[in-house]
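A.B. asks: Below is one structure. I have some questions about it.
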Amino acid sequence: MTDFGIKEALAELGLKDINNGTSTGSNNFSNGEIIESFSPVDGKLIGKVVTSTREDYEKVMEAATKAFLSFRNMPAPQRGEIVRQFGNKLREKEALGKLVSYEMGKSYQEGLGEVQEMIDICDFAVGLSRQLNGQTIPSERPGHVMREQWHPIGVVGIISAFNFPVAVWAWNTALAWICGDVCVWKASEKAPLCSVACQNIIAEILKDNNLPEGISCIINGDYKVGEMMTTDTRIPLVSATGSTRMGRIVGATVAQRFGKSLLELGGNNAIIITPTADLKVVVPGAVFGAVGTCGQRCTSTRRLIIHESVYDKVRDAIVGAYGQIKIGNPLDETKHVGPLIDHDAVNTYLAAIEKAKAEGGNVLVEGGVLEGEGYESGCYVKPAIIEAENHFEIVQHETFAPILYLMKYSGEVENAIEKQNGVAQGLSSAIMTNEMKEAEKFLSYAGSDCGIANVNIGTSGAEIGGAFGGEKETGGGRESGSDAWKVYMRRQTNTVNYSDELPLAQGIKFDL
Ligand code: NAD
């Protein structure tokens, strides 16, 4: 069987020794436990990394805090130049897209898409490096001026999830770096080699520019290593992407020490399909949203809320489209859907289907685990469609797998919006309509309560230009575009008196 050029890709990314059992990891000092990374694509061992010990962590933090003291002195546009070089390097890195696909299991096209997102955020950050603007504010006092400045915040801790093993890091780092911060990254223990590959790329750029290594650090391990960062007062900002369960702990831990956290957590995303919706748009939007990345995107479409007048037509079209889906090795570009990340994910998927049935769900497209040639890893599953009610316990929760729930609404669009908002999560949402009034209602303050609300496109596939994130149990964080950069800086308000008097604010008299 072809290995789709994986060996060459690993070698190009500086991971060539790992198949011999040599452990790797850029900040690899220790005798910590070994994490083995198995590909969900073929079940093979790709490589190993060493878990960072407390001692390693201290060394990393020492390097990072020291690097910050010099990096913050570098003018922001010069920091932008480093990010520009990083973006340019990524333009040559198809191998990274391949590794993402092989280690995480998403299609090669989506792996390349992740690398493209990294390039896009670099471009965005380069421009932004000349626009970290504060404001001047009129003072109420004569001979006074007020202004706001944005200063680097320090060491940014990044905790990332397995499903976007490189892009999420880049969203954070590209902005943090132009802001003058340095970064310590703990990637998901389920996709650690992607982080080593990224670290190898940026380490070369830092070296070429005679910049300290501590500007970009990685640590390896599970939640215990993550906890070293969340409890560390030397880290003013922790950006954490993952499950709501993780965010609840991380948010509380960081808040306890008055740190800032940027939380990007789970979603439970719906598309509302109205009577005027165009099926040409609905079908690819809903199907890609539900099965893309095997349903393992935070923005994956989990629920379709369909007007009763078009329900049968939409249901049949979607079920028909599921018949065309090809499941298999994600590096084979003729396949639409790859594997789930691991066997635990497969079990969670199977249990969710059983639960939906037990609650009264009606299965329209059967799920199940695929077996036989090409499916040896045991992680390939069939995307399922189930008719369900919004209040079902299982529908209220995010199952990170390709299970799509169909439900009806009747009457006006407000009824659909109520269902769409009737879950604890608030990440992404969409409406399919050609009625201007319905679209505007959906986007209004009384409409979708999500951080992302789309019209006539699906719930997944955001561009980096907009701020990305969600409300409620999704955590409230925003990263990537718009003014998300502000979270990576500290705001300082300055009042300067250039008069010869000392008038007090609010006209308070204090005569001596
Ligand atoms: P996860 O919560 O299991 O793990 C995410 C990361 O958090 C890992 O690096 C893990 O080691 C770390 N972690 C877990 N507990 C921790 C703790 N107590 N302290 C410190 N670190 C801890 O999530 P996952 O299975 O890797 O990813 C899937 C989840 O991520 C889904 O819920 C998905 O919706 C969410 N996600 C959200 C976004 C977003 O932008 N909103 C993006 C991608 C993924």
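The values are calculated or read from the model by the stated rules, or taken from the named source; none is laboratory data. Remember, predicted model here, so these are calculated numbers, not experimental data. So basically every Cβ, Gly included, is an ideal-geometry build from the backbone, and we count neighbours across all protein chains shown. For the accessible areas, the whole protein counts, side chains as well, though only heavy atoms, and no ligand, DNA or RNA atoms are used. Shrake-Rupley method; radii C 1.70, N 1.55, O 1.52, S 1.80 Å.
A.B. asks: Here are some conditions: (1) under 21 Å from the mean Cα position of the chain (by Cα); (2) in a helix (DSSP H, G or I). Residue 106 meets all but one. Which one does it not meet?
C.D. replies: (2)
A.B. asks: While we're here: Residue under question is residue 381, and the condition is that it be modelled with pLDDT of 95 or more, under 20 Å from residue 292 (Cβ atoms) and open to solvent by 50 Å² or more (accessible area, probe 1.4 Å); does it hold?
C.D. replies: Here the answer is no, as residue 381 does not meet what is asked.
A.B. asks: I would also like to ask the following. Only one of 425, 396 is crowded, with 23+ Cβ neighbours inside 10 Å, within 16 Å of the ligand (Cβ to nearest atom) and outside the structural domain of residue 254 (by TED's automatic domain parsing). Can you tell me which?
C.D. replies: Values: 396 fails: crowded, with 23+ Cβ neighbours inside 10 Å.
Step by step, each of 425, 396 is checked, and only 425 is crowded, with 23+ Cβ neighbours inside 10 Å, within 16 Å of the ligand (Cβ to nearest atom) and outside the structural domain of residue 254 (by TED's automatic domain parsing).
A.B. asks: Moving to a separate point now. Starting from the stretch 389-409, keep only residues that are closer than 13 Å to residue 362 by Cα, then list their pairs with residues that are of a type outside the set (Phe, Trp, Tyr) and within 15 Å of the ligand (Cβ to nearest atom) whose Cβ atoms are within a distance under 6 Å, requiring at least 6 positions of separation or different chains.
C.D. replies: Between residues of the stretch 389-409 that are closer than 13 Å to residue 362 by Cα and residues that are of a type outside the set (Phe, Trp, Tyr) and within 15 Å of the ligand (Cβ to nearest atom), the close pairs are 403/352; 404/290; 405/303.
A.B. asks: Which members of the stretch 137-195 meet the condition of being over 18 Å from residue 85 (Cα atoms), open to solvent by less than 20 Å² (accessible area, probe 1.4 Å) and of a type in the set (S, T, N, Q)?
C.D. replies: Hits for the stretch 137-195 are 160, 163, 188, 195.
A.B. asks: So which of 366, 418 is open to solvent by 30 Å² or more (accessible area, probe 1.4 Å), away from the ligand (no atom under 16 Å from the Cβ) and in contact with a strand residue (DSSP E or B) (Cβ under 7 Å, 6 or more places away or on another chain)? Show your work before the answer.
C.D. replies: Working: 418 fails: in contact with a strand residue (DSSP E or B) (Cβ under 7 Å, 6 or more places away or on another chain).
Sole residue among the options that is open to solvent by 30 Å² or more (accessible area, probe 1.4 Å), away from the ligand (no atom under 16 Å from the Cβ) and in contact with a strand residue (DSSP E or B) (Cβ under 7 Å, 6 or more places away or on another chain): 366.
A.B. asks: Further question: Among what's in the stretch 488-512 and is open to solvent by less than 40 Å² (accessible area, probe 1.4 Å) and in contact with a Ser or Thr (Cβ under 9 Å, 6 or more places away or on another chain), pick the residue that is modelled with the highest pLDDT.
C.D. replies: 488
A.B. asks: Answer yes or no: is there a residue in the stretch 449-457 that is more than 16 Å from the ligand (Cβ to nearest atom), open to solvent by less than 60 Å² (accessible area, probe 1.4 Å) and in contact with a strand residue (DSSP E or B) (Cβ under 8 Å, 6 or more places away or on another chain).
C.D. replies: Of the residues in the stretch 449-457, the ones more than 16 Å from the ligand (Cβ to nearest atom) are 455-457.
Now narrow it down to the ones that are open to solvent by less than 60 Å² (accessible area, probe 1.4 Å): 455-456.
Those still in the list that are in contact with a strand residue (DSSP E or B) (Cβ under 8 Å, 6 or more places away or on another chain) too: 455-456.
Yes, the stretch 449-457 contains at least one residue that is more than 16 Å from the ligand (Cβ to nearest atom), open to solvent by less than 60 Å² (accessible area, probe 1.4 Å) and in contact with a strand residue (DSSP E or B) (Cβ under 8 Å, 6 or more places away or on another chain).
A.B. asks: Quickly run through the stretch 253-270 and pick out the residues that are more than 20 Å from the chain's Cα centre (by Cα) and not charged (D, E, K, R).
C.D. replies: Just the residues of the stretch 253-270 that are more than 20 Å from the chain's Cα centre (by Cα), to begin with: 253, 255-259.
Scanning the stretch 253-270 gives 253, 255, 256, 258, 259.
A.B. asks: Could I ask something else about it? Could you check, for the stretch 378-391, whether at least one of its residues is among the basic types (Lys, Arg), assigned to a strand (DSSP E or B) and away from the ligand (no atom under 16 Å from the Cβ)? Even if it seems obvious, please write down each step before you answer.
C.D. replies: From the stretch 378-391, those among the basic types (Lys, Arg) are 382; that's our starting set.
Going one step further and asking which of them are assigned to a strand (DSSP E or B), we end up with none.
Checked the stretch 378-391: no residue is among the basic types (Lys, Arg), assigned to a strand (DSSP E or B) and away from the ligand (no atom under 16 Å from the Cβ).
A.B. asks: What's the total number of residues in the stretch 175-211 that are away from the ligand (no atom under 13 Å from the Cβ) and either in a strand (DSSP E or B) or among the basic types (Lys, Arg) (or both)?
C.D. replies: Residues of the stretch 175-211 away from the ligand (no atom under 13 Å from the Cβ): 175-183, 193, 196-211.
Checking which are either in a strand (DSSP E or B) or among the basic types (Lys, Arg) (or both) leaves us with 182-183, 207.
Residues that pass the stated criteria total 3.
A.B. asks: A follow-up question, please. Look through 356, 351, 401 and report the one residue that is surrounded by 17 or more Cβ atoms within 10 Å (Cβ to Cβ) and either within 16 Å of the ligand (Cβ to nearest atom) or in a loop (DSSP other than H, G, I, E, B) (or both).
C.D. replies: Numbers: 356 fails: either within 16 Å of the ligand (Cβ to nearest atom) or in a loop (DSSP other than H, G, I, E, B) (or both); 351 fails: surrounded by 17 or more Cβ atoms within 10 Å (Cβ to Cβ).
None of the other options fit; the residue is 401.
A.B. asks: Right, something else. Could you please let me know if residue 13 is among the aliphatic types (A, V, I, L, M) and at pLDDT 95 or above?
C.D. replies: no
A.B. asks: Which residues, taken from the stretch 38-72, are more than 30 Å from residue 337 (Cα to Cα), open to solvent by less than 40 Å² (accessible area, probe 1.4 Å) and not charged (D, E, K, R)?
C.D. replies: The answer is 50, 51, 52, 57, 60, 61, 64, 67, 68, 71.
A.B. asks: Going by the structure shown, is residue 216 more than 13 Å from the ligand (Cβ to nearest atom), open to solvent by less than 10 Å² (accessible area, probe 1.4 Å) and either closer than 20 Å to residue 165 by Cβ or among the polar types (S, T, N, Q) (or both)? Break it down into steps so the answer makes sense when it comes.
C.D. replies: Numbers: more than 13 Å from the ligand (Cβ to nearest atom): yes; open to solvent by less than 10 Å² (accessible area, probe 1.4 Å): yes; either closer than 20 Å to residue 165 by Cβ or among the polar types (S, T, N, Q) (or both): yes.
Yes: the conditions hold for residue 216.
A.B. asks: Run down 321, 352 and say which single residue is farther than 26 Å from residue 192 by Cβ, under 24 Å from the mean Cα position of the chain (by Cα) and in contact (Cβ under 8 Å) with a residue 24 or more places away in the chain.
C.D. replies: Values: 321 fails: under 24 Å from the mean Cα position of the chain (by Cα).
Of 321, 352, the one residue that is farther than 26 Å from residue 192 by Cβ, under 24 Å from the mean Cα position of the chain (by Cα) and in contact (Cβ under 8 Å) with a residue 24 or more places away in the chain is 352.
A.B. asks: In addition: Say whether the condition of being outside the structural domain of residue 185 (by TED's automatic domain parsing), on the phi > 0 side of the Ramachandran plot and at pLDDT 95 or above is met by at least one residue in the stretch 266-287.
C.D. replies: Within the stretch 266-287, not a single residue is outside the structural domain of residue 185 (by TED's automatic domain parsing), on the phi > 0 side of the Ramachandran plot and at pLDDT 95 or above.
A.B. asks: Would the stretch 428-438 turn up any residue that is open to solvent by less than 60 Å² (accessible area, probe 1.4 Å) and part of a helix (DSSP H, G or I)? Steps first, please.
C.D. replies: First, the residues of the stretch 428-438 that are open to solvent by less than 60 Å² (accessible area, probe 1.4 Å): 428-433, 438.
Applying the additional criterion that residues be part of a helix (DSSP H, G or I) yields 438.
Checked the stretch 428-438: at least one residue is open to solvent by less than 60 Å² (accessible area, probe 1.4 Å) and part of a helix (DSSP H, G or I).
A.B. asks: Could I ask something else about it? Show the residue pairs that are 6+ apart or on different chains and have beta-carbon atoms under 8 Å apart, the first residue being within the stretch 250-279 and touching a residue at least 12 places away in the same chain (Cβ under 8 Å) and closer than 20 Å to residue 486 by Cβ, the second being basic (Lys, Arg) and away from the ligand (no atom under 13 Å from the Cβ).
C.D. replies: Cβ pairs passing all conditions: 254/260.
A.B. asks: Also, quick follow-up: Find the residue count for the stretch 309-346, including only residues that are in a helix (DSSP H, G or I) and of a type in the set (Val, Ile, Thr). Give the derivation first.
C.D. replies: Looking only at the stretch 309-346, we keep the residues that are in a helix (DSSP H, G or I), and these are 311-322, 343-346.
Still in the list and also of a type in the set (Val, Ile, Thr): 314, 318-319, 346.
Total meeting the criteria: 4.
A.B. asks: Restricting to helices (runs of 4 or more DSSP H) lying wholly in the stretch 221-308: which have 3 or more residues that are open to solvent by less than 10 Å² (accessible area, probe 1.4 Å) and more than 10 Å from the ligand (Cβ to nearest atom)? Spell out how you get there, then give the answer.
C.D. replies: Details: elements: 223-230, 244-256, 279-291.
Once the helices (runs of 4 or more DSSP H) in the stretch 221-308 are filtered for at least 3 residues that are open to solvent by less than 10 Å² (accessible area, probe 1.4 Å) and more than 10 Å from the ligand (Cβ to nearest atom), what remains is 279-291.
A.B. asks: Just to be sure, is residue 374 at positive phi, assigned by TED's automatic domain parsing to the domain that holds residue 325 and either open to solvent by less than 80 Å² (accessible area, probe 1.4 Å) or at pLDDT 95 or above (or both)? Give the derivation first.
C.D. replies: Details: at positive phi: yes; assigned by TED's automatic domain parsing to the domain that holds residue 325: yes; either open to solvent by less than 80 Å² (accessible area, probe 1.4 Å) or at pLDDT 95 or above (or both): yes.
Here the answer is yes, as residue 374 does meet what is asked.
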